[in-house]
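Report on one structure; see the data block that follows.
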Amino acid sequence: MRRISGLIGVLALCAALVGCHEDSAVSLVSNGDSETPEGEGTPGTGGSNGDDSQGDEASLVCDPYEGSAVADLKPWRGAVHEHTSYSDGAIDATPHDAFKAGAEHGLDFMMVSDHSDTLNRLLYFSIGSECFESLSGVLQCFVPAPDGFSKWQITGEMAAADTREDFIAVRGFEWTSDRFGHINVFFSSNFTNAKFDGGYLLTMDPFWRWLVRAPGSEEIPGTTPLGGGADGLGIFNHPGDKCLGDSDSACNWNDFAYEASVDDQMVGMELYNDDSGDDRYARYYGAALDAGWHVGAVGGEDVHDRSWGEPTYGKTVILAPSLDRADLKSAMQARRMYALASSDDTGDLRILMRAEGHPMGSRLRCMADMTVPLTVEVVPANGLPFNGTLELYSGPVARAASNDTGLGRPVATATGNQLSHALPVLVDSEHWYFVRVANADGESLAYTSPVWVQARPQ
């Protein structure tokens with residue numbers, strides 16, 4: 001496992017970011033200048049001064065931070081959204097092969113999510129696989145396999161066996177609707193299938209009910225034979241891709257229709273989903289946030305061959321006190337994560353974002369008509385200076401409908417590796433703020449999860 005440590009002169013700041021891995025030096029020396037558009041607040045107005053200490057609680061604009069101590073958080077870099085022969089991946093590949101590849105690439109965790117359509121099928125068949133490319137492929141796909149009805153159980157056994165002190169393997173599945181969209185679920189004891197629960201074409205409601213139902217219960221006998229998914233966490237996958245058409249109001253999970261009952265469990269959205277570095281999915285991010293979803297930024301791989309964990313694919317960094325399954329899950333549920341376009345030498349970044357001492361993913365309740373100091377710092381893992389651009393986006397954004405995509409104009413920008421801004425505490429509604437990180441050419445490198453700011457009730 002890779003360990004990163006900060007230089008002595010910035011140890012406190014580095015500890016706040018990551019609690020830093022121990023082997024490579026990382027500089028957090030600023031080389032940036034912030035620009036705040038006319039009419040926006042002045043950085044540093046109200047609240048704490050943005051250092052690690054919370055200071056006197058009486059002086060805080062927002063309720064004190066109560067999560068895992070920021071100084072104890074470390075960046076755990078991993079891969080999510082992987083496929084194997086258990087759905088439509090390489091026909092000779094198992095989840096064990098994917099987990100092994102993730103560990104060999106130096107990742108801290110990997111989350112496999114085969115399509116649930118095929119997890120309860122005897123055969124290894126899915127359109128688009130290698131089944132028809134050779135006689136051996138035909139035999140492998142269509143001759144019943146001894147483990148055909150046990151793929152979910154076997155995936156869990158492989159995840160347990162492949163988990164080590166320095167690597168966490170996580171079982172998941174992809175709920176696959178070609179009308180509403182795809183959703184990955186991780187950490188659940190059970191899975192459900194859109195082809196059986198009505199979610200393929202008719203309605204999202206059975207999936208939402210499954211997600212909040214206890215793992216050992218059944219709502220209607222025969223519809224959820226493996227129980228509920230209340231122990232799982234969900235991620236919206238590649239928005240805009242899996243729909244009957246943009247004209248269908250069901251596209252993008254009923255146009256991001258907010259479902260309050262699952263808010264605690266729907267924790268993320270893919271902003272990267274392959275090895276292209278393209279952030280085309282990010283244009284839906286604001287739409288989801290405006291609809292009320294509290295989703296963090298996820299970088300997915302969606303690998304269907306054997307290239308799991310390659311540095312060119314999107315990655316997710318989770319900020320947690322330790323490399324532990326429970327800590328990773330808790331951090332994801334707290335939205336303490338950010339998305340990387342890649343983890344190659346130029347794309348592997350450490351990002352520190354704090355709003356009055358609260359890390360990214362936090363939902364702040366603050367005094368009305370005040371401002372909250374936000375600071376963001378970006379440090380390349382290779383120790384070189386960062387000379388890109390940081391853009392702070394905010395919403396809600398006025399748009400005709402959620403599918404009126406686009407992030408709009410950033411409310412603050414900075415050149416270099418630091419951005420500071422004062423977040424206004426408005427009384428009208430909850431407002432969200434996230435940062436897009438780009439290189440000197442404007443190409444997307446990373447997205448942070450938001451912080452949400454709302455005035456306390458009067």
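Nothing in this text is a laboratory measurement; each read-out follows from the coordinates by a stated rule. Note that the structure is a prediction, hence the values are computed from the model and not measured. Methodologically, a virtual Cβ is constructed for each residue, glycine included, from the backbone with ideal geometry; neighbour enumeration extends over all protein chains shown.
Which loop trypsin sites (Lys or Arg not before Pro) in region 276-345, with loop taken from DSSP, have no more than 15 other Cβ atoms within 10 angstrom of their Cβ? Provide the component values of the computation, followed by the final result.
Values: sites: R280, R283, R306, K315, R325, K329, R335, R336; in loops: R306, R335, R336.
The qualifying sites are R306.
Would you mind calculating the gained length between D369 and K242 on full extension (0.36 nm times residue separation, minus the Cα-Cα distance), in nm to one decimal?
Numbers: separation 127, 0.36 × 127 = 45.72 nm, distance 4.19 nm.
Difference between extended and current length: 41.5 nm.
Long-range amide H contacts for N273: which residues qualify at under 5 Å (H placed 1.01 Å from N, peptide plane, sequence gap of 5 or more or a different chain)?
G300
Run the quick spin-label model on R280 and D344: label points 7 Å from Cα toward the beta carbon, then report their separation in nm to one decimal.
1.9
Which of H358, H421 comes first, and how do the rest follow, when ranked by fewest Cβ neighbours within 10 Å?
Numbers: H358 25, H421 29.
With the sparsest Cβ surroundings first, the list reads H358, H421.
First check a/c for region 74-351, with a ≥ b ≥ c the square roots of the eigenvalues of its C-alpha gyration tensor; if it is under 1.5, answer rounded, and if not, answer prolate when a/b is larger than b/c or oblate otherwise.
Working: a/c = 1.30, a/b = 1.03, b/c = 1.26.
Verdict is rounded for region 74-351.
Kindly provide the GluC sites (Glu not before Pro) of region 351-458 that DSSP labels as loop, not H, G, I, E or B, and whose Cβ sees at most 16 other Cβ atoms within 10 Å. Mind showing how you got there, number by number?
Details: sites: E356, E377, E391, E430, E443; in loops: E356, E430, E443.
Taking region 351-458 and a limit of 16 other Cβ atoms within 10 Å, the loop GluC sites (Glu not before Pro) found are E443.
Report the label-to-label distance for D178 and L139 in nanometres (one decimal), using points 7 Å from each Cα along the Cα→Cβ vector.
3.0
Subtracting the Cα-Cα distance from 0.36 nm times the residue separation, let me have the gained length for R164 to D231 in nm, one decimal.
Net length gain for the segment: 21.9 nm.
What dipole magnitude, in Debye to the nearest 20, does region 74-351 give about its Cα centre under +1 on Lys/Arg Cβ and -1 on Asp/Glu Cβ?
On the way: 21 positive and 44 negative charges, 129 e Å.
The dipole of region 74-351 has a size of about 620 debye.
Considering only G299, G102, P215, whose Cα is most displaced toward the positive end of the charge dipole of region 74-351, charges sitting on Cβ of Lys, Arg (+1) and Asp, Glu (-1)?
Checking the options against the dipole of region 74-351, the answer is P215.
Taking 41 Å as R0, compute the FRET efficiency from the Cβ-Cβ separation of V427 and S150 and round it to 0.05. Before the final figure, lay out each step's value.
Numbers: r = 55 Å, r/R0 = 1.34.
So, using R0 = 41 Å, E works out to roughly 0.15.
Any idea how far the Cα center of region 278-353 sits from the one of region 150-175, in Å?
19
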